[in-house]
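All remarks here apply to the structure that follows.
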Amino acid sequence: MTVLGAVSFMAQLDFFIVNVALDGIGKSFPGSNESTLSWILNAYAVVFAAVLVAAGRFADRYGRKKVLLLGVALFTVASGFAAVAPTLGLLVLARAVQAIGAAMIVPTSLGLLYPSFPKHQHTLVVGLWAGVAAVAAAAGPPVGGLLVSVDWRWIFLINLPIGAATIIGGWKWLPETREARGSRLPDILSAVTLLLAVALLILGIVEGHDWSWGSGQTIATFAAAVTLAVVTIRRSWSAASPIIERDLFRNRQFTAATITLLAYFTGFSIFLLGNALFMQNVWHFSALRTGIALTPTPLAGMGFATTAGPIQRRFGRTLPAAVGAVLMLVAALYWLSAAGERPAYATAMLPGLILMGISGGLSQAPMFAAAGALSPDRAATGSAVLNMSRQVGSAIGVAVLIALTAGEVGAAGFERAWWVQAGSGLLAVTTLVTLRRRPEPPRRQLIDASRHGTLTRVLATLRPASSKG
């Protein structure tokens, strides 16, 4: 649990830790501008989202432990290169390689939880894993703010000892799991079309503002992404072993989690980046002060992350996730009513930050745990699909935030972004309620039916009319 939690935390943290470090990085590379610096974030987002599903699928096929340890090694080496990068271009390249390693880490770390623990502990350990991911996302800006006050290169150097320790621990303690030998190789065409579709979609989202949303370049990028997505979907129906099998989405829990993660993280990423920028640009906080100010969010999330398993056992997956999404909506409405041009951290910002910490701790664990509803040999692939949805939502949220705040002076742009955050929370709740799992017949009724010799007739009512045998 320590090994898998540590690698997941490391990979998720690096997606958000750079947000508050861009100014410091820019000072190290004279001549850089906001557009070029943004690629330190964008390169990670594009490559991470694009590679996730392919990495998860190949981990299921060739061995999750092997892919995980290779990913940790790649991520650690790339972090070292990022820390000593002499030019901005090499830093962006190192971030892209980091993202490949992260995409190999995240789905396989969740996929390895299931064979590492007995079934009765799966809810507990998956809840802890997802809770760690939630805390990592919220801890990114605070940790980044603290480290950048010393030197921005420390945000990458911190990964080196963690990576080395987890490689040693993973090699010693993790089991190796894979599909049964003799299974088909993943379809290469659907793997390539999915990778390109996601990469072009994220590229269009993150660059749409700079290119202009109505420009030929933006339209062509989105058109190509849609075309490739259609090809991928067709291959999911026709290929013998597609990269994303359509059977995954016959599970209502998994489908609901996939859609909900996209909606939820659109709002959550608006909060993570938007509130940091609000305190720096409107209230004129320093990067260090902003990082400290955001600390209550991961602290509140940590409390609920450690109790995610008992909460799910008591209330199921849908209710905690829905309550968490509602809290994100409430936090946005609170900032809309309380936050203004004049700094008032304790009354105008802090209550919403605590609500967002609770929201992340409640929502993310049950949504990622939906991968456990799939067959064990598809755990890494399912986790990869869920994380891809998360990354697409994060990219949409950042793009929306930039579009709403660019060129704005004061709080007006952030207020519009908080309205979008509130709408994302509402969409997440609606999806969860609409696609919630259909209730099963009470166990006691089945037992009573079996005592009266009618169990066969009860089970027959649960089968589709067309089924045989």
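Go through the range 259-273 residue by residue and tally those that are at pLDDT 90 or above and more than 18 Å from residue 132 (Cα to Cα). Step through it out loud before you land on a result.
Residues of the range 259-273 that are at pLDDT 90 or above, as a first pass: 259-268, 270-271.
Keeping just the survivors that are more than 18 Å from residue 132 (Cα to Cα) gives 259-260, 262-263, 266-267, 270-271.
Looking only at that region, the number is 8.
Could you grab me the full set of residues in the range 301-317 that are part of a loop (DSSP other than H, G, I, E, B) and surrounded by 24 or more Cβ atoms within 10 Å (Cβ to Cβ)?
Going through the range 301-317, the residues part of a loop (DSSP other than H, G, I, E, B) turn out to be 306-307, 316-317.
Across the range 301-317, the qualifying residue is only 317.
Quick one: what pairs do we get from the range 111-126, first residue within 19 Å of residue 384 (Cβ to Cβ), second part of a helix (DSSP H, G or I) and of a type in the set (Phe, Trp, Tyr), C-beta under 9 Å, 6+ apart or different chains?
Between residues of the range 111-126 that are within 19 Å of residue 384 (Cβ to Cβ) and residues that are part of a helix (DSSP H, G or I) and of a type in the set (Phe, Trp, Tyr), the close pairs are 113/129; 116/173; 122/114; 125/114; 126/114; 126/368.
Return yes or no: is residue 243 in a loop (DSSP other than H, G, I, E, B), more than 13 Å from residue 390 (Cα to Cα), in contact (Cβ under 8 Å) with a residue 24 or more places away in the chain and aliphatic (A, V, I, L, M)? Break it down stepwise before answering.
Values: in a loop (DSSP other than H, G, I, E, B): yes; more than 13 Å from residue 390 (Cα to Cα): yes; in contact (Cβ under 8 Å) with a residue 24 or more places away in the chain: yes; aliphatic (A, V, I, L, M): yes.
Judged against the criteria, residue 243 is a match.
I'm trying to understand the selection: among the residues of the range 183-214, which are crowded, with 21+ Cβ neighbours inside 10 Å and without any contact (Cβ under 8 Å) to a residue 40 or more places away in the chain?
Correct list: 197, 200, 204.
Filtering the range 116-139 down to residues that are of a type outside the set (Ser, Thr, Tyr) and at pLDDT 80 or above, which residue is surrounded by the fewest Cβ atoms within 10 Å (Cβ to Cβ)?
Within the range 116-139, the first condition is being of a type outside the set (Ser, Thr, Tyr), and the residues that meet it are 117-122, 124-139.
Going one step further and asking which of them are at pLDDT 80 or above, we end up with 117-118, 121, 125, 129.
Values: 117: 14, 118: 8, 121: 15, 125: 22, 129: 27.
The residue in question is 118.
The conditions are (1) at pLDDT below 85; (2) farther than 15 Å from residue 102 by Cα; (3) in contact with a Leu (Cβ under 6 Å, 6 or more places away or on another chain), and residue 29 fails exactly one of them. Which is it?
Among (1) at pLDDT below 85; (2) farther than 15 Å from residue 102 by Cα; (3) in contact with a Leu (Cβ under 6 Å, 6 or more places away or on another chain), the lone unmet condition for residue 29 is (1).
The conditions are (1) modelled with pLDDT of 85 or more; (2) surrounded by fewer than 21 Cβ atoms within 10 Å (Cβ to Cβ); (3) touching a helix residue (DSSP H, G or I) at 6+ places or on another chain (Cβ under 6 Å); (4) not hydrophobic (A, V, I, L, M, F, W, C), and residue 89 fails exactly one of them. Which is it?
All conditions are met except number (3).
Spot the failing condition for residue 135; the list is (1) assigned by TED's automatic domain parsing to the domain that holds residue 69; (2) farther than 24 Å from residue 367 by Cβ, and only one is missed.
Every condition holds for residue 135 apart from (2).
Each row is one residue, and each column tells you yes or no for (1) part of a helix (DSSP H, G or I); (2) within 21 Å of the chain's Cα centre (by Cα); (3) buried (at least 24 other Cβ atoms within 10 Å of the Cβ).
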{"residue": "319", "(1), (2), (3)": "yes, yes, no"}
{"residue": "337", "(1), (2), (3)": "yes, no, no"}
{"residue": "351", "(1), (2), (3)": "yes, no, no"}
{"residue": "382", "(1), (2), (3)": "yes, yes, yes"}
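So residue 205 passes all but one of these: (1) in a helix (DSSP H, G or I); (2) farther than 21 Å from residue 96 by Cβ. Which condition number does it fail?
Going through the list (1) in a helix (DSSP H, G or I); (2) farther than 21 Å from residue 96 by Cβ, residue 205 breaks only (2).
Could you list, in sequence order, all residues of the range 140-162 that are small (Gly, Ala, Ser) and crowded, with 24+ Cβ neighbours inside 10 Å? Spell out the reasoning first.
Applying the first criterion (small (Gly, Ala, Ser)) to the range 140-162 yields 140, 144-145, 149.
Of everything in the range 140-162, those that are small (Gly, Ala, Ser) and crowded, with 24+ Cβ neighbours inside 10 Å turn out to be 140, 144, 145.
For the range 339-349, how many residues are modelled with pLDDT of 95 or more and assigned to a loop (DSSP other than H, G, I, E, B)?
Of the residues in that region, 0 qualify.
Filter the range 278-300 for residues that are part of a helix (DSSP H, G or I) and aliphatic (A, V, I, L, M); which is nearest to residue 350 (Cα to Cα)? Please lay out each step first, then the result.
Keep residues of the range 278-300 that are part of a helix (DSSP H, G or I), which gives 278-282, 287-293, 296-300.
Still in the running and aliphatic (A, V, I, L, M): 279, 282, 287-288, 292-293, 299-300.
On the way: 279: 12, 282: 16, 287: 17, 288: 16, 292: 11, 293: 8, 299: 12, 300: 11 Å.
The selected residue is 293.
Residue check, residue 222 against (1) modelled with pLDDT under 85; (2) in a helix (DSSP H, G or I), all met but one. Which one?
Every listed condition holds for residue 222 apart from (1).
Could you tell me whether residue 361 is buried (at least 19 other Cβ atoms within 10 Å of the Cβ), part of a helix (DSSP H, G or I) and out of contact with any Leu (no Cβ under 9 Å at 6 or more places or on another chain)?
Working: buried (at least 19 other Cβ atoms within 10 Å of the Cβ): yes; part of a helix (DSSP H, G or I): yes; out of contact with any Leu (no Cβ under 9 Å at 6 or more places or on another chain): yes.
Yes: the conditions hold for residue 361.
Please specify each residue of the range 410-446 satisfying the condition of being modelled with pLDDT under 85 and touching a helix residue (DSSP H, G or I) at 6+ places or on another chain (Cβ under 9 Å).
Going residue by residue through the range 410-446, those that are modelled with pLDDT under 85 are 410, 435-446.
Result: 410, 435, 436, 437, 438, 440, 441, 445, 446.
Sort through 26, 80, 56, 31 and tell me the only one that's surrounded by fewer than 23 Cβ atoms within 10 Å (Cβ to Cβ) and in contact (Cβ under 8 Å) with a residue 24 or more places away in the chain. Before you say what the answer is, go through the steps one by one.
Numbers: 26 fails: in contact (Cβ under 8 Å) with a residue 24 or more places away in the chain; 56 fails: surrounded by fewer than 23 Cβ atoms within 10 Å (Cβ to Cβ); 31 fails: in contact (Cβ under 8 Å) with a residue 24 or more places away in the chain.
After applying the criteria, what remains is 80.
The values are calculated or read from the model by the stated rules, or taken from the named source; none is laboratory data. Predicted model only: the values in this text are computed from it and were never measured. Positions of Cβ are generated from backbone atoms using ideal geometry, with glycine treated the same way; all protein chains shown enter the neighbour counts.
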